[in-house]
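Colleague: Sharing a structure here in structure tokens format.
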Amino acid sequence: MSKKQDIMAATLDLIHEEGLQSVTFSKIFKKANVGSGTVYNYFANKEELVNAVYKEARTHMGEYLLQGYDPEASLYERFKCLQLNRLKFGIDSPKEFLFIDSFSFSPYISPELRNMGDALHSSDVVISLIVEGQKQGIIKEMDPHLCHQLIHGIISSILKGYYIQKYPLDEVQVQQVLEASWKAILV
């Protein structure tokens, strides 16, 4: 890992462990095992660093969402693929998932970054799927972004319970979550 990646990983770890407000550059220097000059070579301030961590996490999530996605599959199969991938991302990358979930609406994240989506345009794929389903009369008529937030919220809530070991997520439960999130937006 490069020094820049070490700094970003240390920042994500500290945010996860202590919360954003408690993270200081001195803690980052120590956790990443770098000097202050090294951090300032890459980031002018804490806000710039946090935004870089956020952008990287969103890009990683976007890559996950589109794994195995077949634009020719049925609407239902595409939906299941996207939701399953969102769930898998949360299981495989809990720190990144929680960071994105907690800070997507934070004033700490720049509006440009918050609204840019991700490099792979996975959020555009989700919105397009919702709009397509609405045109077919399958998905409820509501603002597509609100609908997207609804299905993201279901996965987010399930993952938070999973993280605190409230329940396991075996194959049966995963399928139940996918079905419930699909039914939540059906007409």
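Colleague: Go through (1) touching a residue at least 24 places away in the same chain (Cβ under 8 Å); (2) farther than 28 Å from Gln173 by Cβ; (3) more than 11 Å from the chain's Cα centre (by Cα) one by one and return the number of the condition Glu56 breaks.
Modeller: Tallying (1) touching a residue at least 24 places away in the same chain (Cβ under 8 Å); (2) farther than 28 Å from Gln173 by Cβ; (3) more than 11 Å from the chain's Cα centre (by Cα), Glu56 fails exactly one: (3).
Colleague: Quick one: Val125 ticks every box in (1) modelled with pLDDT under 95; (2) open to solvent by 20 Å² or more (accessible area, probe 1.4 Å); (3) of a type in the set (A, V, I, L, M); (4) in a loop (DSSP other than H, G, I, E, B) bar one, so which box is it?
Modeller: (4)
Colleague: Taking Gln149 and the conditions (1) among the polar types (S, T, N, Q); (2) more than 19 Å from Ser93 (Cβ to Cβ); (3) at pLDDT 95 or above, which numbered condition does it fall short on, given that it satisfies the others?
Modeller: (3)
One line per residue, one yes/no per condition, for (1) more than 16 Å from Met61 (Cβ to Cβ); (2) open to solvent by less than 60 Å² (accessible area, probe 1.4 Å); (3) assigned to a helix (DSSP H, G or I); (4) β-branched (Val, Ile, Thr):
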site: Ile100; (1), (2), (3), (4): no, yes, yes, yes
site: Ile155; (1), (2), (3), (4): no, yes, yes, yes
site: Gln165; (1), (2), (3), (4): yes, no, no, no
site: Trp182; (1), (2), (3), (4): yes, yes, yes, no
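Colleague: Sort out which residues of region 67-89 are polar (S, T, N, Q) and either in contact with an Asp or Glu (Cβ under 6 Å, 6 or more places away or on another chain) or closer than 12 Å to Val126 by Cβ (or both), and write them in order of number.
Modeller: Gln83, Asn85
Colleague: Another question, if that's okay. Spot the failing condition for Ala44; the list is (1) of a type outside the set (Val, Ile, Thr); (2) under 18 Å from Lys95 (Cβ atoms); (3) not in a helix (DSSP H, G or I), and only one is missed.
Modeller: (2)
Colleague: While we're on this one: Give me a count of the residues in region 59-98 that are modelled with pLDDT of 95 or more, in a helix (DSSP H, G or I), of a type outside the set (D, E, K, R) and open to solvent by less than 20 Å² (accessible area, probe 1.4 Å).
Modeller: Residues meeting the conditions: 9.
Colleague: Can Ser110 be described as at pLDDT below 95, under 13 Å from the mean Cα position of the chain (by Cα), small (Gly, Ala, Ser) and closer than 12 Å to Tyr54 by Cα? Even if it seems obvious, please write down each step before you answer.
Modeller: On the way: at pLDDT below 95: yes; under 13 Å from the mean Cα position of the chain (by Cα): no; small (Gly, Ala, Ser): yes; closer than 12 Å to Tyr54 by Cα: yes.
No: the conditions fail for Ser110.
Colleague: Can I ask one more? Could you list, ordered by first residue, the pairs with Cβ atoms under 7 Å in which the first is in region 1-15 and in contact (Cβ under 8 Å) with a residue 24 or more places away in the chain and of a type in the set (Lys, Arg) and the second is buried (at least 17 other Cβ atoms within 10 Å of the Cβ) and not in a helix (DSSP H, G or I), at least 6 apart or interchain?
Modeller: Listed pairs, sorted by first residue: Lys3/Val34.
Colleague: Looking at Tyr54, Tyr42, which is the one that is of a type in the set (Ser, Thr, Tyr), open to solvent by less than 40 Å² (accessible area, probe 1.4 Å) and at pLDDT 90 or above? If you could, list the steps in order and put the result at the bottom.
Modeller: Working: Tyr42 fails: open to solvent by less than 40 Å² (accessible area, probe 1.4 Å).
Just one listed residue meets the conditions, Tyr54.
Colleague: If you don't mind, another one. Taking Asn51, is it within 13 Å of the chain's Cα centre (by Cα), among the polar types (S, T, N, Q), closer than 23 Å to Ala9 by Cβ and in a helix (DSSP H, G or I)? If you could, list the steps in order and put the result at the bottom.
Modeller: On the way: within 13 Å of the chain's Cα centre (by Cα): no; among the polar types (S, T, N, Q): yes; closer than 23 Å to Ala9 by Cβ: yes; in a helix (DSSP H, G or I): yes.
Answer is no for this residue.
Colleague: Test Lys95 against the criterion of being in contact (Cβ under 8 Å) with a residue 24 or more places away in the chain, farther than 26 Å from Ala10 by Cα and in contact with a Leu (Cβ under 9 Å, 6 or more places away or on another chain), and give yes or no.
Modeller: Here the answer is no, as Lys95 does not meet what is asked.
Colleague: So for region 8-28 (the condition being within 18 Å of the chain's Cα centre (by Cα) and not in a helix (DSSP H, G or I)), does at least one residue qualify?
Modeller: yes
The values are calculated or read from the model by the stated rules, or taken from the named source; none is laboratory data. Note that the coordinates shown come from a computational prediction; the quantities given were computed from them, not determined experimentally. Cβ coordinates were reconstructed from backbone atoms using ideal geometry, including for glycine residues, and neighbour counts include every protein chain displayed. Note: areas computed on protein heavy atoms with side chains; ligands, DNA, RNA excluded. Shrake-Rupley method; radii C 1.70, N 1.55, O 1.52, S 1.80 Å.
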